[in-house]
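The values are calculated or read from the model by the stated rules, or taken from the named source; none is laboratory data. In this text the structure is predicted, and so the values were computed from the model without any measurement. Counting neighbours? That spans all protein chains shown, and the Cβs are built from the backbone with ideal geometry, glycine included. SASA here: full protein model, heavy atoms, side chains in, ligands and nucleic acids out. Shrake-Rupley method; radii C 1.70, N 1.55, O 1.52, S 1.80 Å.
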Amino acid sequence: MATTPHGNENLLRADDDLLTWEGAIELEHTPQWTRAWRIQHSRRELYASTELELRAAMPAGVRVAFGTDTTTIRGRAVVGDVEGYASAGEISPVDVVVDGGLVASSPVTSDGRFDVDLPAGEKTLELWLPQFGDFRLASLELDTDARVWRAERAARPRLITYGSSITQCRAAASPTRTWPALVARELGLDLTCLGYGGQCHLDPMVARMIRDRPADVIITCLGINVYGSGTFNRRSFLPAVIGLLSTIRDGHPNVPILVITPIISPAREHTVSATGMTLAQIREEVARAAQVLREHGDDDVHLLNGLDVVGAEQAHVLDDGLHPNAEGYAGMAAAIAPVVRKLLGPDGRFGTDRLLG
């Protein structure tokens, strides 16, 4: 057991080989802490965006798994402010999943502490790290006589989700209750969440990263940040969406790609953006991209209208008129999971029972 005495407890460092980090693209280790990155940290200059880096350093969807018989965990992390975006006091909680079931959700204090009591006996633990905030795990303190082992993890179909803050899900109740996490947990999928608040701009390096990462089903939620920031105009947006999806397809020739258009945002539906498009027009262009790819032979591109995920009748879940609240994210998962289930096929793998159109 690779734990070391620490007062009356055992100390497990974040870089211990007994820990399995899941859902991260790369890990950054220092003598003091480990940070999970959701872009390639070693190549981050190629992404050419400080704003994207700040979001990619937040561990949305990242889990730390291990086996143990401890009955307590006292975690220590390094937390901080994200200049101009978030304070240390806004960090999301840590969720603890035991043998597949959520047992506790612990707030993270301003000095980076969290504390969870656990059921007795041998178990596999997953610590779901905060979906929002600057969080670098330093160590885990366990019972004095606790045993720790590397968890044996069964292979599961791999889900990648790419999108905006509506995929990162800051306002979800906790890390396991974002819509990507809820979909993954319901369907038994291995999640990699590439939701970047304000930063879903169809970046070519993100497309290449998804292309090169193993996946069995991919979900893209495209358009709202393009509207908000005026990233593309009527001339450039459709080719950019087609290019992103085509790049992803190059690495995943037989993988379903579910394209979700923007959910409702009443004030933006018919208001022209800085580059001359309403949100309704953005939605139409995303749908058109999926249609064009299907017409040119890509039967594994599938379209889900965002208004069927959160439409006008659910607009009350958008507390700010744009972002769903905790109820809204649960509703998104309830709408998306059956579609993904159909893509996976009746036996939980890819079969002939595929969603069309």
ask   = Cα atoms only, segment 145-209: Rg and Dmax in Å?
value = 14.8, 50
task = May I ask you to evaluate 6.51 cos²θ - 1.76 cosθ + 1.60, the Karplus curve with θ = phi - 60°, for each residue of segment 318-324 and list the ³J(HN,Hα) values in order in whole Hz, giving x for glycine and proline?
result = 9, 4, 10, x, 9, 9, x
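So with the 1.4 Å probe, I'd like the accessible area per residue for segment 257-298, rounded to whole Å².
On the way: 1800 Å² over 42 residues.
Ligands and nucleic acids excluded, the result is 43 Å² per residue.
If you roll a 1.4 Å probe over the chain with all protein chains in place, what percent of the accessible area is carbon or sulfur?
C and S atoms contribute 49 percent here.
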request  = Note the angle between two axes, namely the Cα long axis of helix 326-344 and the longest principal axis of the Cα atoms of the chain, as a number of degrees from 0 to 90, rounded to the nearest 10.
outcome  = 80
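So with the 1.4 Å probe, I'd like the accessible area per residue for segment 83-240, rounded to whole Å². Don't skip to the end; give the middle numbers.
Numbers: 5780 Å² over 158 residues.
For segment 83-240, the solvent-accessible area averages 37 Å² per residue.
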ask   = Where does the Debye-calculated log10 I(q)/I(0) of the chain sit at q = 0.06, 0.12 Å⁻¹, using only Cα point scatterers of equal weight, no solvent?
value = -0.22, -0.86
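Suppose accessible area is computed on protein heavy atoms with a 1.4 Å probe; arrange ASP145, ASP299, ASP95 from highest to lowest.
Details: ASP145 125, ASP299 100, ASP95 0 Å².
Sorted by accessible area, descending: ASP145, ASP299, ASP95.
What order do LEU322, LEU125 take when sorted by accessible area (1.4 Å probe), most exposed first? Display every interim value, and only then the final one.
Working: LEU322 30, LEU125 0 Å².
Reading off the accessible areas and sorting them downward yields LEU322, LEU125.
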Euclidean distance of C-alpha centroids, segment 133-208 and segment 43-98, integer Å = 10
Note, ³J(HN,Hα) from phi for segment 40-46, Karplus 6.51, -1.76, 1.60, rounded to Hz, x at Gly and Pro = 6, 4, 5, 10, 5, 4, 6
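Which net charge results when you count Lys and Arg as +1 and Asp and Glu as -1 among the other residues whose beta-carbon is under 12 Å from that of TYR329? Can you show the working numbers first?
Working: positive: ARG170, ARG177; negative: ASP319, GLU327.
Taking every other residue near TYR329 into account, the sum is 0.
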message = Which log10 I(q)/I(0) values does segment 17-142 give at q = 0.10, 0.14, 0.15, 0.23 Å⁻¹ under the Debye formula, counting every alpha carbon as one identical point scatterer?
response = -0.30, -0.59, -0.67, -1.44
